[in-house]
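Taking it in order: structure first as structure tokens, then the write-up.
The values are calculated or read from the model by the stated rules, or taken from the named source; none is laboratory data. Just so it is clear, the structure is predicted and the values come from calculations on it, not from any experiment. Virtual Cβ from ideal backbone geometry, glycine too; neighbours counted across all protein chains shown. The accessibility values were calculated without ligands, DNA or RNA, using every heavy atom of the protein model including side chains. Shrake-Rupley method; radii C 1.70, N 1.55, O 1.52, S 1.80 Å.
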Amino acid sequence: MFKYIVSMFVGLMLSNAQASYIVASFNSKELDTNKPTRVLLVGQGDDLKLLFQEVATAKAIKYKEQFPEDQILLIAVNEKDVGSEWALKKWGFTLHNIDRSTLDGKEFLKIAVPFKKIRSLDIFSHSSAQFGVHLEGHGNRLNLNTKNLEDLRPNFMKDAYAYLHGCNTGFNLAPYLSNVWGIPVAGSMTSTNFQKLHSDGNFYLSEEGFAPNSAWATENTLSFAAPMDCKAGTCQRLKPDNTPYVGWWGAYREGGLPFYKFFCARNNAEDCKRVMAKSMLSHSLIVDLKKDSSLEEYKKGVIDFLCPISSKKDLRGECQAKLDEALVTQDMTYNPFSKPQVECDFKGCKTEITCDKILFKGVDKPGTCELKNLATSPATTLVREYKAYLEAYQYLAK
């Protein structure tokens, strides 16, 4: 993820040597398995250090503001070398347990299944289309092969959803989990990266050359009910790139999407849209959306969520204008992505990823994977998703 190249062997050895994960609650000293719960699952950061835990903290703050009656459960790899325990306490978490086991899909289920009223699940981690979510190192995952995932299904409340905030989670894992759990699940169709709030009021990639200058914001006055110091992680967010994935596994040059795509394998369109509207309240945006936000405020948030941004030209403004124009002309093919869009609906996408195999082992060979964009005409995914979000506004306060 994030275009890093790390030896899988070294990553596995390090994770085994330092195996440990934290179970914590946010802004509360108790955890009640029978109380409505927002679950945050955070994998190992590797070279990203505590950035996953920072964006998870920002998500926790949003949930606590919007849904104060819900408790927040954090399950996170203990990044001992960079001070997870100290940082989480400073950010408002109460640490209930530090388990010396290795965090993988089985351990996640062991912690999560006792919670009988789950409203949402957010996963922040390195990930791949081939092997799913990497939790503690590359060898310990939550993916299509994780046993007993269906055990969590009865625990999801009405209008529950999941977000997979990692690279390439929409190709296989998000549609699969939507089917297994019976809830809407959002995933990415390219690499995801960290955006940082700038003093001009927009979020940009923090890598050199993407922001207009180095005048980054010192506090976030846009996304929350009150100004938040950026030192608490509230000026960072994870977003899909506006370029196809090129990284450890290969190059998916034939397409992608610049936003998290929702999949609703077992949900009808109206139920899916209702969840999409409610999920907008959880994001760090350039507007602090609330249940009673106006349509214009809501639309501003949706544009920020769906449309890419550039400091070199007004790509965000162009995107909004073209999306609104598309709703009038019914030409649904607008595409701000740097390559062709992939064609997706609520059930899945017209794509295929192929990889060479490692000789004698039959597993995918890193660096050889390619995306096949199977759309036979220009894709309409972004405009249709925008239309769905606007139609969903009626459900925001319900």
Exercise for the section: Whenever you get a sec, line up Leu121, Leu50 from highest to lowest accessible area (probe 1.4 Å, protein heavy atoms). Expected result: Leu50, Leu121
Completion exercise
XL table Lys116/Lys158; Lys110/Lys347; Lys29/Lys89; Lys106/Lys158; Lys313/Lys387; Lys89/Lys196; Cα-Cα > 18 Å flagged, in table order, is Lys110/Lys347; Lys106/Lys158; Lys313/Lys387; Lys89/Lys196
Fill in the blank from the handout: The FRET efficiency for Ile358 and Lys312, from their Cβ-Cβ distance with R0 = 41 Å and rounded to 0.05, is 0.50
Practice task
Out of all DSSP beta bridges with both ends in the chain, state the antiparallel percent to the nearest 5.
Solution key: 60
Practice task
Please list Tyr393, Tyr204 in order of solvent-accessible area, largest first, computed with a 1.4 Å probe with all protein chains present.
Solution key: Tyr393, Tyr204
Problem - Ranking by accessible area, most exposed first, for Ser28, Ser178 with a 1.4 Å probe - result: Ser28, Ser178
Completion exercise
For the range 76-171, the per residue accessible area (1.4 Å probe, Å²) is 38
Problem - Dipole magnitude (debye, nearest 20) for the chain, charges at Cβ of Lys, Arg, Asp, Glu - result: 680
Problem - Nearby aspartates and glutamates by direct alpha-carbon distance to Lys117 (threshold 18 angstrom, same-chain neighbours under 8 apart not counted) - result: Glu30, Asp32, Glu69, Asp70, Glu150, Asp151, Asp159
Fill in the blank from the handout: Among Gln71, Phe131, Leu103, the residue whose Cα sits farthest towards the positive end of the charge dipole of the range 22-136 (+1 at Cβ of Lys and Arg, -1 at Cβ of Asp and Glu, taken about the Cα centre) is Gln71
Completion exercise
If unit charges are put on Cβ atoms (+1 for Lys and Arg, -1 for Asp and Glu) and the dipole of the chain is taken about its Cα centre, the option from Ser25, Pro36, Phe305 lying farthest towards the positive end turns out to be Pro36
Problem - Pair Ser294, Lys231: separation of 7 Å Cα→Cβ label points (nm) - result: 3.7
Problem - Options Phe203, Val82, Leu315, ranked by Cα towards positive dipole end of the chain, top entry (Cβ charges) - result: Val82
Fill in the blank from the handout: Per residue, the convex hull enclosing the alpha carbons of the range 252-357 has a volume in Å³ of 156
Problem - Overall form of the range 146-250 per C-alpha gyration tensor (a/c, 1.5; a/b vs b/c) - result: oblate
Problem - Relative contact order (%) - the chain, alpha-carbon pairs under 8 angstrom, separation at least six - result: 15
Fill in the blank from the handout: Those cysteines in the chain that have no second cysteine Cβ within a distance under 4.7 Å are Cys167
Fill in the blank from the handout: Using the Kirkwood formula on alpha carbons, the hydrodynamic radius of the chain in angstrom works out to 21.1
